[in-house]
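Student: So that we are looking at the same thing, I have put the structure below in structure tokens.
Computed from the coordinates by the stated procedures, all read-outs in this text should not be read as laboratory data. What you see is a predicted model, and the numbers here were worked out from it, not measured in a lab. Heads up, the Cβs are rebuilt from the backbone with ideal geometry, glycines too, and the neighbour counts pull from every protein chain shown.
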Amino acid sequence: MKKFSNMIRLETLKMFKNRGFGHLGGSFSIIEVLSVLYLKIMEINPENPTWSDRDYLVLSKGHAGPALYATLALKGYFNKELLLTLNDNGTSLPSHCDRLKTPGIDMTTGSLGQGISSAVGIAKALKIEGKSNFVFTIVGDGELNEGQCFEAIQFASHHQLDNLVVFVDENKIQLDGFTKDISNQRDLVKKFKAFGFHSVRVNGHDEESILKSIKIALNTKGKPSLIILDTIKGKGIEEFENIVSNHHMRFSEDDLVIINRKIAELEEVTR
Amino acid sequence: MNVKILEKPLNNSYELREVYADTLISIAKNNSKIVALEADLMGAIKMKKYLDIYPNNFINCGIMEANMVGIASGLALRGFIPFMHTFGVFATRRCFDQLFLSIGYADLNLKIIGSDAGVSAAHNGGTHMPFEDLGLMRLIPNATVIEITDWVMFQDLLKQVVNIHGIHYLRIVRKTMLQIYDEGSRFTIGEGIVLREGNDATVIATGIMIKEALEAHKMLLKEDIHISIIDLFTIKPIDQELVIKYAKKTGLIITAENHNIIGGLGSAVSKCLSESYPTKVIRIGVNERFGQVGTQDFLQKEYGLTAKDIVKAVKENL
């Protein structure tokens, strides 16, 4: 799993380097959860992305699309060479996820707070159908500023959607600063417990902990699950980690030196 | 289209909310993919009888319109056909970005019933009175925007939209409407209906303004003024051919809508003519004002939405 995480981080970084800018921080904070989901958990068929019996992932924090695109390419949904077209004119890999453009993207997201509702809707639909597919959604901690998230959470709890796992990427930073300074979320574990969720916090960069927590979530019956991923925004490049400006970066010459060095390191460990 | 126009319109007691529940029940008999969504207005639209028969295909989301649209998007992704009802103000204004992105931009299927059209919100007042819902919905690139004329049309179009992919916005009066069409009429979305023929002017109307237009027609006949009346129930896509044909025929167009004159029928007709066949268009509707409480009669007078207003507009511009 660690190797797969490194591979995703490498491909994501190459995309950003090629483009010269992008949502690096929030893409790098969710790489480990993507690695665990796509390697160990999700029932998917890259040759048939819309396979009806698949598990779903809705990336509600749609701006982290590049990390998901890298994952999907590595899983064989499309050619890895396509990754370098990120944000090109007419590309099938736009900055924010688009279900109509990219194979493997289950839902269009980007306007924060909406993806989680769609994920809850899919989970409810599967319950109506009597199907056993699972639905995963990744929400940003800044995204939780949006009231719609809490409408979706109330709904999921009320409808006992135990086929739903919500991840909150708690990387503690949003575009304008630290989340605690902009709209303090306080204790999310307690908050979600109060909403009726099975609710835990794990190290969001430790694949084994994530895997264990997902397995427990999938076996939790009668209520939806929340897994808070305690993460570092920009994880993997020490110089970029936890700086407020890493939400969307435009790379300087100095940044590119760092990026090139990191690419070489990641190529070495993923060889 | 196979529409039969009643020679004499009927004051029918069949409320459109009853039509909604009854028609969805009949559709759901043969279609397990129908899911009806409410945001705590099930009572207002009398959907309990549907819930009693199809509890698994009914979701009362609670008072959360934005999330209701998201839930609908998830249902649509699994191939369900969601029907979502709430008052027009909440069905559009309250959750516009969700409709625009999670449904429109994502190319998903959703049938929206926006009730209490314009002044028919009456005593619920300005907070509940949609004068801008049609304008908002017209701005979603792949949406079909319809204002329902009577129960016959509502019943037929509900049955039709089940089988058409995409966003359909059906704006209705929740209670009774004057019955213009005979039972069993079949309508074609995107095609207007000529209700009266006359060469002096054309009144293009929708919803409750059809009744006013018919009354205006009678009043004008007494003065030997002959107007055509078109029911342009599909506001988008607009029936350009018919609008241009009647602009050529009569040289004067009056639009009449229970909506802001910006964004709705008047705007749509003006755009169509200004680009293709410049013709004088007088727009009758709510002129940049908010709603308020009152009886429907009072409000129609207050906002200039009566037969007399149509007569005046015709005579002043002949």
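Student: Within the stretch A:83-124, how many residues turn out to be outside any helix (DSSP H, G or I), of a type in the set (A, V, I, L, M) and either facing another protein chain (nearest Cβ under 7 Å) or buried (at least 24 other Cβ atoms within 10 Å of the Cβ) (or both)?
Tutor: Adding up the residues that qualify gives 4.
Student: A follow-up question, please. From B:GLY207, B:GLY166, grab the single residue that is on the phi > 0 side of the Ramachandran plot and surrounded by fewer than 22 Cβ atoms within 10 Å (Cβ to Cβ).
Tutor: B:GLY166 is the lone residue from the list that is on the phi > 0 side of the Ramachandran plot and surrounded by fewer than 22 Cβ atoms within 10 Å (Cβ to Cβ).
Student: Still on this structure, I have one more. Could you check, for the stretch B:114-123, whether at least one of its residues is touching a residue at least 24 places away in the same chain (Cβ under 8 Å), within 11 Å of another protein chain (Cβ to nearest Cβ) and either crowded, with 23+ Cβ neighbours inside 10 Å or within 15 Å of the chain's Cα centre (by Cα) (or both)?
Tutor: No, every residue in the stretch B:114-123 fails to be touching a residue at least 24 places away in the same chain (Cβ under 8 Å), within 11 Å of another protein chain (Cβ to nearest Cβ) and either crowded, with 23+ Cβ neighbours inside 10 Å or within 15 Å of the chain's Cα centre (by Cα) (or both).
Student: Please enumerate the residues belonging to the stretch A:152-198 that are polar (S, T, N, Q), more than 13 Å from chain B (Cβ to nearest Cβ) and surrounded by fewer than 22 Cβ atoms within 10 Å (Cβ to Cβ).
Tutor: A:GLN160, A:THR179, A:SER183, A:ASN184, A:GLN185
Student: Where in the stretch A:173-271 are there helices (runs of 4 or more DSSP H), lying fully within it, with 2 or more residues that are touching a strand residue (DSSP E or B) at 6+ places or on another chain (Cβ under 8 Å), free of Cβ contacts under 8 Å to residues at least 60 places away in the same chain and within 23 Å of A:ILE8 (Cβ to Cβ)?
Tutor: A:207-218
Student: Which of the residues belonging to the stretch A:20-62 are part of a helix (DSSP H, G or I), touching a Gly at 6+ places or on another chain (Cβ under 6 Å) and either within 18 Å of A:ARG99 (Cα to Cα) or free of Cβ contacts under 8 Å to residues at least 12 places away in the same chain (or both)?
Tutor: A:GLY62
Student: Can you run down the residue pairs with Cβ atoms below 6 Å, 6 or more apart or on separate chains, where the first is in the stretch B:90-106 and closer than 17 Å to A:VAL120 by Cβ and within 8 Å of another protein chain (Cβ to nearest Cβ) and the partner is in a helix (DSSP H, G or I) and among the hydroxyl-bearing types (Ser, Thr, Tyr)?
Tutor: So the pair list comes out as B:SER102/A:SER118; B:SER102/B:SER73.
Student: Now for a separate question. Taking the stretch B:237-260, which residues are buried (at least 18 other Cβ atoms within 10 Å of the Cβ) and among the charged types (D, E, K, R)?
Tutor: Selection gives B:ASP239, B:GLU257.
Student: Can you tell me how many residues within the stretch B:47-84 are more than 9 Å from every other protein chain (Cβ to nearest Cβ) and more than 22 Å from A:PHE150 (Cα to Cα)?
Tutor: Total meeting the criteria: 11.
Student: What single numbered condition from (1) over 20 Å from the mean Cα position of the chain (by Cα); (2) within 14 Å of chain A (Cβ to nearest Cβ); (3) among the aliphatic types (A, V, I, L, M); (4) not in a loop (DSSP other than H, G, I, E, B) fails to hold for B:ILE25?
Tutor: (2)
Student: Continuing with this model, one more query. Across the stretch B:1-33, what is the total count of residues that are β-branched (Val, Ile, Thr) and touching a Leu at 6+ places or on another chain (Cβ under 8 Å)?
Tutor: Residues meeting the conditions: 4.
Student: Restricting to the stretch B:186-217, count the residues that are without any contact (Cβ under 8 Å) to a residue 40 or more places away in the chain and either basic (Lys, Arg) or part of a helix (DSSP H, G or I) (or both).
Tutor: 2
Student: Is there a residue in the stretch B:268-281 that is crowded, with 24+ Cβ neighbours inside 10 Å, touching a residue at least 40 places away in the same chain (Cβ under 8 Å) and in contact with a Gly (Cβ under 8 Å, 6 or more places away or on another chain)?
Tutor: No: zero hits.
Student: Then there's this: Just to verify a result, which residue in the stretch B:34-45, among those that are assigned to a loop (DSSP other than H, G, I, E, B) and crowded, with 16+ Cβ neighbours inside 10 Å, is farthest from the other protein chains (Cβ to nearest Cβ)?
Tutor: Filtering first and then ranking leaves B:LEU41.
Student: Kindly evaluate A:VAL135 against the criterion of being among the aliphatic types (A, V, I, L, M) and under 21 Å from A:SER209 (Cβ atoms).
Tutor: No: the conditions fail for A:VAL135.
Student: Checking B:HIS226 against (1) on the phi > 0 side of the Ramachandran plot; (2) surrounded by fewer than 18 Cβ atoms within 10 Å (Cβ to Cβ), which single condition isn't satisfied?
Tutor: (1)
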